[in-house]
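A short worksheet on the structure shown next.
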Amino acid sequence: FFIASKVLWILADPGNLLLIFLGFGMLLLWTPWRGFGRKLVVLTTFALMAVAIVPFGPMALQALENRIPPPKALPDQVGGIVVLGGMIDQFVSAARHQPSIGSAVDRLTEFAALAKRYPDAKLIFTGGSGNLVDQSVKEADQVKPFLEALGMDMSRILFESDSRNTYENATLSKQLGQPTPD
């Protein structure tokens with residue numbers, strides 16, 4: 001499933017899909033269907049320009065994030081806190097020997113704040129490598145210096161580093177955390 005999902009996403013990624021349409025339209029220019037090819041090239045070029053100019057991705061993400069507002073009050077007690085990886089470029093971090101943090105760093109800062117608020121909660125960081133070819137460098141290993149810099153007690157944190165996608169994040173974190181029904 002992991003390999004199929006990565007390969008299918010290469011084809012289904014909107015940017016790649018538009019480039020495929022553009023290439024197909026250009027090929028049609030040298031065939032008897034050149035009229036259709038011209039239309040496809042023009043339409044795809046306009047679509048690429050629109051995607052480059054209009055921030056569709058951030059707008060869609062904001063709409064999704066705003067569907068569920070943050071809770072007004074946090075519970076008095078929680079049994080565990082799981083933070084999902086995806087904010088560290090593990091390969092750049094390993095090469096530079098320092099964390100290379102991306103735009104989702106708020107996950108880590110909120111993780112640190114919640115860990116402080118709930119000192120008895122079990123803490124799990126889940127993030128392996130979603131790279132299709134290279135599984136040698138894991139995000140969970142590369143995030144440790146950043147969490148230490150945030151002042152987190154590293155002995156409290158369980159690190160799950162074998163996951164390759166969100167499904168595996170969930171299943172492997174559940175195995176690692178061994179939650180109880182309560």
Size of charge dipole - the chain - debye, nearest 20, with Cβ of Lys, Arg +1 and Asp, Glu -1, no other charges: 680 debye
All lysines inside 24 Å of residue 144 as judged from Cα atoms, apart from same-chain residues fewer than 8 positions distant: 116, 122, 174
Rounded, prolate or oblate (a/c below 1.5 giving rounded, otherwise prolate when a/b exceeds b/c) for region 12-52 by Cα gyration tensor: oblate
Hydrodynamic radius of region 131-182 per Kirkwood, over alpha carbon pairs, in Å: 12.6 Å
Accessible surface ranking that places the most exposed of 154, 49, 87 first, with a 1.4 angstrom probe: 49, 154, 87
Alpha-carbon Rg with Dmax, taken over the chain, Å: 21.6, 71
Share, in percent, of DSSP beta bridges within the chain that are antiparallel, nearest 5: 10 percent
Cα centroid separation - region 1-20 against region 101-170, whole Å: 27 Å
Eligible aspartates and glutamates near residue 39 by straight Cα distance, threshold 12 Å, same-chain separation 8 or greater: none
Accessible area of residue 6 in the full protein assembly, 1.4 Å probe (Å², nearest 10): 70 Å²
Relative contact order (%) - the chain, alpha-carbon pairs under 8 angstrom, separation at least six: 17 percent
Positive-end residue, region 1-153 charge dipole about Cα centroid, Cβ charges, pick of 16, 126, 98: 16
Rounded if a/c under 1.5, otherwise prolate or oblate - region 49-103, Cα gyration tensor axes: oblate
Rounded to 10°, Cα long-axis angle of helix 106-117 versus longest principal axis of the chain: 20 degrees
Percent accessible area from carbon and sulfur atoms, region 1-92, protein chains only, probe 1.4 Å: 74 percent
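The values are calculated or read from the model by the stated rules, or taken from the named source; none is laboratory data. Nothing here was measured: the structure is a model prediction, and the numbers come from that model. Neighbour counts run over all protein chains shown; Cβ positions are idealised from the backbone, glycine included. To get the accessible areas, we keep the full protein, side chains included, count just its heavy atoms, and leave off ligands, DNA and RNA. Shrake-Rupley method; radii C 1.70, N 1.55, O 1.52, S 1.80 Å.
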